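Report on the following structure.
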Amino acid sequence: MLELSQVTAGYGAFTALWDVSLRVSAGEAVAVVGPNGAGKTTLLRAISGLIAPRAGRVTFEGAELAGRPAYETVAHGIAHVPEGRRLFPQLTVAENLKMGAFLPAARAHFHESLERVYTLFPVLAERRAQRAGSLSGGEQQMLAVGRALMSRPKLILFDEPSMGLAPVMVLRLFDLIRRVRADGYTILVVEQNVRQVLKLVDRAYLLEVGRIKMEGRAAELAEQDFVRKAYVGL
C-alpha cells in the first residue's frame with residue numbers, strides 16, 4: 001500500500017532522514033520507534049506532503065506522492081494525526097470534525113462519517129458543542145483522530161500520539177488506536193513509548209539519527225537485547 005524507497009529529507013541545510021526505506025501493507029499496523037530527534041516526525045511529514053523529500057520515492061497504491069502538496073496526499077487516502085494534535089481550540093468539537101471533511105469526496109459522506117466517529121468515540125458526541133480547547137488531553141487526542149477519520153482515509157499516520165498524556169491516558173489511547181485498527185484502517189505510528197506501541201503493531205522499524213537501524217515483527221523486535229535495554233527499560 002505505502003512504500004518509501006531511499007527517502008532523504010530535512011529542513012534547510014539540516015538533513016533529518018537518510019536513505020530511509022519502509023513499507024506498510026493494507027490492513028497492517030506498523031510502528032517507527034526511536035529516541036527523540038531520530039527523524040520520526042520528519043518521516044511522517046515527508047509522507048503526508050508537509051515537506052518534500054530531497055531524494056527517494058514515496059508511493060501509495062502505485063501513485064507517486066513525493067513532492068505533491070499535502071491536500072493531494074489526503075485525497076489519495078492518507079490522513080495525518082499530527083504531533084501536539086493541532087486542533088482549532090476556539091472551534092467546537094463538531095466544527096473541528098467538519099474541518100476534517102473538507103475534500104469534496106469526504107463532504108459527500110459527511111453524515112455517515114460523523115456517525116461513525118461518534119460511535120467510535122461516544123464522548124465526542126456528548127461534547128459536540130464544547131470548544132476543543134476546553135477538552136482534556138485524552139479527549140483532544142480522540143478529536144484529532146476523529147478529525148482524521150472524517151476524510152475517509154485508507155491509511156492513518158499517528159505522530160507521537162501519547163505525548164503529553166498522563167500514564168493512565170496513555171493506556172486508554174493505545175486502546176483507542178486498537179479500536180480504530182479493528183474498524184478496518186491501516187496504521188503507521190511513530191512513537192517514543194516503545195513498550196506500549198510494540199504490543200499494538202504487527203511490525204516495527206527502529207529509527208536512529210535519521211537511519212533505519214533495525215526492522216522486524218514487533219514481538220521479535222521487543223525481544224532483542226539491544227531494544228529491551230535501550231528502549232523498553234528491561
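The values are calculated or read from the model by the stated rules, or taken from the named source; none is laboratory data. The model shown is predicted, which means the values in this text are computed figures rather than measured ones. Because the Cβ atoms are built from the backbone with ideal geometry, glycine has one as well, and the counts that use them run over all protein chains shown.
Per-residue answers, yes or no, for (1) part of a loop (DSSP other than H, G, I, E, B); (2) farther than 25 Å from residue 199 by Cβ:
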{"site": "19", "(1), (2)": "no, yes"}
{"site": "23", "(1), (2)": "no, no"}
{"site": "31", "(1), (2)": "no, no"}
{"site": "43", "(1), (2)": "no, no"}
{"site": "46", "(1), (2)": "no, yes"}
{"site": "50", "(1), (2)": "yes, yes"}
{"site": "58", "(1), (2)": "no, yes"}
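Out of all the residues in the stretch 145-177, which are at pLDDT 85 or above, surrounded by fewer than 19 Cβ atoms within 10 Å (Cβ to Cβ) and not in a helix (DSSP H, G or I)?
154
Of the residues that sit in the stretch 180-204 and are closer than 15 Å to residue 37 by Cα and part of a strand (DSSP E or B), which one is nearest to the chain's Cα centre (by Cα)?
Across the stretch 180-204, the extreme among qualifying residues is 190.
Kindly indicate whether any position in the stretch 187-194 is in contact (Cβ under 8 Å) with a residue 12 or more places away in the chain and in contact with a Gly (Cβ under 6 Å, 6 or more places away or on another chain).
Just the residues of the stretch 187-194 that are in contact (Cβ under 8 Å) with a residue 12 or more places away in the chain, to begin with: 187-194.
Checking the rest, the ones that are also in contact with a Gly (Cβ under 6 Å, 6 or more places away or on another chain) come to none.
Checked against the condition, which is being in contact (Cβ under 8 Å) with a residue 12 or more places away in the chain and in contact with a Gly (Cβ under 6 Å, 6 or more places away or on another chain), the stretch 187-194 yields no hits at all.
In the stretch 65-130, which helices (runs of 4 or more DSSP H) lie fully inside it and hold 2 or more residues that are small (Gly, Ala, Ser), farther than 22 Å from residue 179 by Cβ and under 21 Å from the mean Cα position of the chain (by Cα)? Steps first, please.
Numbers: elements: 70-76, 93-100, 104-107, 110-120, 122-126.
Answer list for the stretch 65-130: 70-76.
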